[in-house]
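Student: Below you'll find the structure I mean.
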């Protein structure tokens, strides 16, 4: 029997997916690859600009006191944006291989921070959840920083253990233990939305890297039911949110979110003229800012934001597929998926397509920890793109690309293995 016929199903699907993406992206002409990093930064800056406008609109109301509050929140968010842009520019100049080697230390720091935030009098308890450190007048959410640390640290671990990922004890168990620890600690806060996001992204990275389904599927079947039961028994609000998802008219958040989106029509009621932000819709400048955007800017405004995220996904995946090596591929893939899935989950929540959960819209929602952490992640992806551009621009790197899949050297491609 031929090698193709005996190749495992997962490997064939993984390689076929890479080939499809590479074909869709087309051959990597220098001019196209050279501008990938610029396109990514332009998309992020555009989303950030929209976010600044909407933060002011959602926090400023007609009376004098509200307008002052809006200006104060705008200045605060503008400060975070400035810090995030500087963070992006700095990380874009740091070799991602260096960051990969530091990944294990970043994971350790993130793990310690996530454990400390659970301790009373150290982590702040707000709205029933212990997710923040309060330092002076600033709140820091360690789970946001943990996402970037996980993307880099897990990618480094998967690369180092690539040859033994098929071994249950030496390869599979360490990877799943790392993922399970971070997902579990974040869920205990509780932050179920971020925990689900982290689980989806990290499992995708692990599957693409080469872990076997015959190990993964039994693990999920054994662990997920008791984990979900424990969460339902401990956190009553999970059941309430599921009930509200089944009947959106009974959920206060979902009802007013849909009212805001429906009131906007095609072109919206006008920037600053929304009514749902007047103490009707909770979390109007954070988790439900997309609803106010839809009310004030209409379908056109929401479509622009969705298209910008779609463009981000396309450019991010193109950078990943054209990365110089496996580490760059996995880092860019993970960081792109974190932004993509978080945006998809936020939009799904505000449109009643999934149960309500506290998860912000990347680069648009108000907040410092999220936008800074995401910008650091984008800076790392930009560095991967810049190194790809350098390879494409050199004559020595052009020849090997013809024998590689999606810009990754053929010697680094996964070989067929038995399930």
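Student: For the list (1) surrounded by 19 or more Cβ atoms within 10 Å (Cβ to Cβ); (2) touching a residue at least 40 places away in the same chain (Cβ under 8 Å), I need the number of the one condition that residue 183 fails.
Tutor: For residue 183, the failing item is (2).
Student: Kindly indicate the residue of region 243-281 that is exposed (fewer than 14 other Cβ atoms within 10 Å of the Cβ) and closer than 14 Å to residue 356 by Cβ and also modelled with the highest pLDDT among those meeting that condition.
Tutor: This residue is 252.
Student: Answer yes or no: is there a residue in region 213-229 that is surrounded by fewer than 20 Cβ atoms within 10 Å (Cβ to Cβ) and assigned to a loop (DSSP other than H, G, I, E, B).
Tutor: The answer is no, given that none of the residues of region 213-229 is surrounded by fewer than 20 Cβ atoms within 10 Å (Cβ to Cβ) and assigned to a loop (DSSP other than H, G, I, E, B).
Student: From the list 92, 177, exactly one residue is under 25 Å from residue 223 (Cβ atoms) and either in contact with a helix residue (DSSP H, G or I) (Cβ under 7 Å, 6 or more places away or on another chain) or modelled with pLDDT of 90 or more (or both). Which is it?
Tutor: Just one listed residue meets the conditions, 177.
Student: I would also like to ask the following. Taking residue 238 and the conditions (1) modelled with pLDDT of 85 or more; (2) under 28 Å from residue 199 (Cβ atoms); (3) surrounded by 14 or more Cβ atoms within 10 Å (Cβ to Cβ), which numbered condition does it fall short on, given that it satisfies the others?
Tutor: Every listed condition holds for residue 238 apart from (1).
Student: Still on this structure, please answer the following. In the list 131, 160, which residue meets the criterion of being closer than 30 Å to residue 386 by Cβ and either surrounded by 22 or more Cβ atoms within 10 Å (Cβ to Cβ) or more than 21 Å from the chain's Cα centre (by Cα) (or both)?
Tutor: 160
Student: Just the residues that are surrounded by fewer than 24 Cβ atoms within 10 Å (Cβ to Cβ) and in contact with a helix residue (DSSP H, G or I) (Cβ under 6 Å, 6 or more places away or on another chain), please, taken from region 348-357.
Tutor: Matches in region 348-357: 352, 354, 355, 357.
Yes/no per residue for (1) assigned to a loop (DSSP other than H, G, I, E, B); (2) at pLDDT 55 or above; (3) in contact with a helix residue (DSSP H, G or I) (Cβ under 8 Å, 6 or more places away or on another chain); (4) buried (at least 17 other Cβ atoms within 10 Å of the Cβ):
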residue	(1), (2), (3), (4)
42	no, yes, no, no
47	no, yes, yes, yes
55	no, yes, yes, yes
99	no, yes, yes, yes
118	yes, yes, yes, no
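The values are calculated or read from the model by the stated rules, or taken from the named source; none is laboratory data. If you're wondering where the values come from, they're calculated on a predicted model, not measured in any experiment. Cβ atoms come from the backbone with ideal geometry, glycine included; neighbour counts cover every protein chain shown.
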